[in-house]
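The values are calculated or read from the model by the stated rules, or taken from the named source; none is laboratory data. None of these values were measured; they are calculated from a predicted model. Glycine also receives a Cβ, built like all others from the backbone with ideal geometry; neighbour counts cover every protein chain displayed. Ligands, DNA and RNA are excluded from the accessible area calculation, which covers all protein heavy atoms including side chains. Shrake-Rupley method; radii C 1.70, N 1.55, O 1.52, S 1.80 Å.
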Amino acid sequence: MDKIFVENLQVNGKHGVMDHERELEQAFLIDMVAGFDASIGAATDQLFDTIDYSKMRAIAIEIVENNSVYLIEKLAVMIAERILEEDGRIESVSVTVKKPAVFPSGVPGVTIMRTRV
């Protein structure tokens, strides 16, 4: 399966279990990988025949900036489900959400994977 991706997208949002995390914005790093068949786009060289990664980016930004959830697992699932809804050609999606400011050393995060049923 072919893949298209966006890595290291930094978006600010108010997500976390602690009260201060939901009151003050913090940075989140988002990685998204969508599995699909790239052969048509490769043959036609036309954007409408492939997956537009700018739409994946826009989905992640909209979800992180306009929602507030306790767990990054929930955030990752919301992004993944919206990406799968957006384009029926996407067969699978992986979303990683990291919180780089939590610890002085080490970056916690979660990766979820969803496939089209």
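Across the chain, the relative contact order, built from alpha-carbon pairs under 8 Å that are at least six residues apart, equals 28 percent. Cα-based radius of gyration for segment 66-117, normalised by 2.2 N^0.38 Å, reads 1.29.
Helix 72-86 and the long axis of the chain differ in direction by around 20°, with both axes built from C-alpha atoms. Taking only protein heavy atoms and a 1.4 Å probe, the accessible area of segment 28-85 is 54% carbon and sulfur.
Expressed in Å, the radius of gyration and Dmax of the Cα atoms of the chain are 15.1, 51. Mind giving me the FRET efficiency for residue 18 and residue 66? R0 is 25 Å, r the Cβ-Cβ distance, nearest 0.05 is fine. Between residue 18 and residue 66 the formula returns 0.75.
Counting only alpha carbon atoms, the long axis of helix 53-66 and the longest principal axis of the chain meet at about 20°. Comparing 80, 27, 54 along the charge dipole axis of the chain, the residue lying farthest to the positive side is 27, per the Cβ-charge model.
Report summary: the helix-based calculation at 222 nm, which adds -39500 (n - 2.57) for every DSSP H run with n ≥ 4 and divides by the residues of the chain, gives -10000 deg cm²/dmol. Per residue, the chain exposes an accessible area of 59 Å² to a 1.4 Å probe, with every protein chain left in place.
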